[in-house]
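To start, the structure under review is shown below, and the notes come after it.
Throughout, read-outs are computed from the coordinates displayed, never taken from laboratory work. Here the structure is a predicted model, which means the values were calculated and not measured. As a convention, Cβ positions derive from the backbone with ideal geometry for all residues, glycine included, and neighbour counts pool all protein chains shown.
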Amino acid sequence: MTTLITGATGFVGRHVTRLLAERVDRVRVLVRPASQLRAIEGLNVDRVFGDLRDKSSLAKALAGVRQVFHVAADYRLWAKNPDEIYENNVVGTRNLIDACREAGVERFVYTSSVATIVVPAGERLPDERTAARLDQMIGHYKRSKFMAEEEVMGAVAKGFPAVVVNPTTPVGAGDWKPTPTGRIIVDFLNGRMPAYVDTGFNLVAVDDVAGGHWLAAKHGRIGERYILGERNMTLKDFLVLVARKAGRAAPRMRLPYAVALAAGYTEHFFCSITGREPRIPLEGVRMAKHKMFVDASRAVRELGFRPTGVEAAIERAVHWYISNGYVTNYSPPRRGGEDAPDSREAGGEDRVARSASPTGRSIKDRPAQCFGRTDLRGTPPQRGGE
């Protein structure tokens with residue numbers, strides 16, 4: 001059986017592709033002619049060039065395919081022409097669904113995002129069944145992912161065999177771009193993070209996200225959504241973990257949200273004139289206001305999803321960025337751990353160990369979406385399979 005995957009050159013897509021190459025007979029990847037292919041070098045996969053916006057290129061890609069993993073997405077929190085985001089994420093998904101119907105695809109796994117989950121008022125953690133509306137989505141990226149999910153669910157209502165997964169915030173090795181979460185780690189390792197924003201997110205190892213895709217294909221129920229996540233934690237606690245793995249002290253100064261928001265509006269104004277991409281995407285700042293903690297227990301119950309631990313994934317990420325040239329201002333910790341931070345002092349080890357698990361229901365300790373670069377250049381890591 002031939003399996004097609006879109007978005008194979010992205011962070012999540014690379015790991016899904018690698019897993020598929022180990023478990024299925026034949027893997028075919030749909031890539032654009034201009035795509036950077038280093039993420040899939042060395043993998044035993046067939047490459048077919050095409051574009052989700054070009055229906056004619058999809059028929060060739062789907063010839064003989066029975067299973068599809070649609071991981072590709074345009075993950076930008078700012079675009080000079082926002083229509084491009086909708087064309088890639090919404091129209092592209094619609095085109096692929098239509099082509100899959102014509103090709104007789106038997107299983108379709110769509111990689112959505114935790115970005116489509118809305119945090120309700122009160123103490124209850126949101127899950128896959130939490131009601132959400134389009135007007136609650138902040139920014140073009142979140143709106144486009146919400147609309148793409150609606151395309152999938154609309155097709156399911158007409159008999160299309162699709163399952164949706166909603167990854168939270170993946171972390172691990174192989175983040176070439178890097179993602180917003182990766183930029184937080186890189187900035188920290190380069191000594192460019194003097195402060196943090198009071199926000200949070202649900203973290204998960206990217207390898208586990210790939211495994212969750214496989215489980216969704218095998219055991220997921222048609223028309224259902226599955227959040228792939230592990231641990232809710234504050235950005236502060238995340239930085240404590242990164243600091244521990246890197247042998248450095250975590251930042252202690254909290255940046256007021258009002259300062260970050262003012263910076264976001266200021267740069268948004270100037271970039272609307274110059275056309276340059278902002279270092280402080282306004283949409284990212286607005287997302288950072290909402291703590292995106294979720295209940296990820298459904299995938300555990302129904303798919304057999306068993307996350308392996310975010311601390312090891314953070315350590316792999318730290319080592320990968322250092323060994324691949326992303327870090328230019330890093331000194332290894334001295335022997336004896338003199339540079340290691342006191343995790344308890346920053347709310348770290350003891351508190352992190354108590355962070356919510358996938359089955360956790362309490363919102364007391366929960367955090368949200370991350371505000372990317374805490375030196376005001378980042379965005380919250382809300383990803384699907386980008």
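Descriptive notes on the structure:
- Under the simplified labelling scheme, the Asp46-Asn81 pair shows an inter-label distance of 3.3 nm, with each label point 7 Å from Cα along Cα→Cβ.
- Of the peptides 253-264, 296-307, the ranking by mean beta-carbon count within 10 Å, highest at the top, reads 296-307, 253-264.
- Inter-probe distance in nm under a simple model that places probes 7 Å from Cα toward Cβ, at Lys60 and His290: 4.1 nm
- Helix-only [θ]222 nm of the chain, DSSP H runs n ≥ 4, -39500 (n - 2.57) each, per residue, nearest 500: -11000 deg cm²/dmol
- Dividing the alpha-carbon radius of gyration of segment 124-197 by the rule-of-thumb value 2.2 N^0.38 Å gives 1.51.
- Nearest 10 degrees, 0 to 90: helix 180-189 Cα axis against the chain principal axis: 30 degrees
- Principal axes of segment 48-203: Cα extent on each, largest first, Å: 53, 38, 30
- Acute angle (nearest 10 degrees) that the helix 92-103 long axis makes with the longest principal axis of the chain, alpha-carbon atoms: 30 degrees
- Translational diffusion coefficient of segment 75-122 (Stokes-Einstein, Kirkwood radius from Cα pairs, 25 °C, 0.890 mPa s): 186 µm²/s.
- Angle between the chain longest axis and helix 206-219 axis [Cα atoms, degrees, rounded to 10]: 30 degrees
- Projected label points at Thr2 and Tyr265, each 7 Å from Cα along the beta carbon direction, are separated by 5.4 nanometres.
- The value obtained for the chain, namely the Cα convex hull volume divided by the number of residues, is 134 Å³ per residue.
- A protection proxy built from the mean count of other Cβ atoms within 10 Å ranks the segments 275-284, 87-96, most packed first, as 87-96, 275-284.
- Taking only Cα atoms of segment 1-91, radius of gyration then Dmax in Å: 13.2, 41
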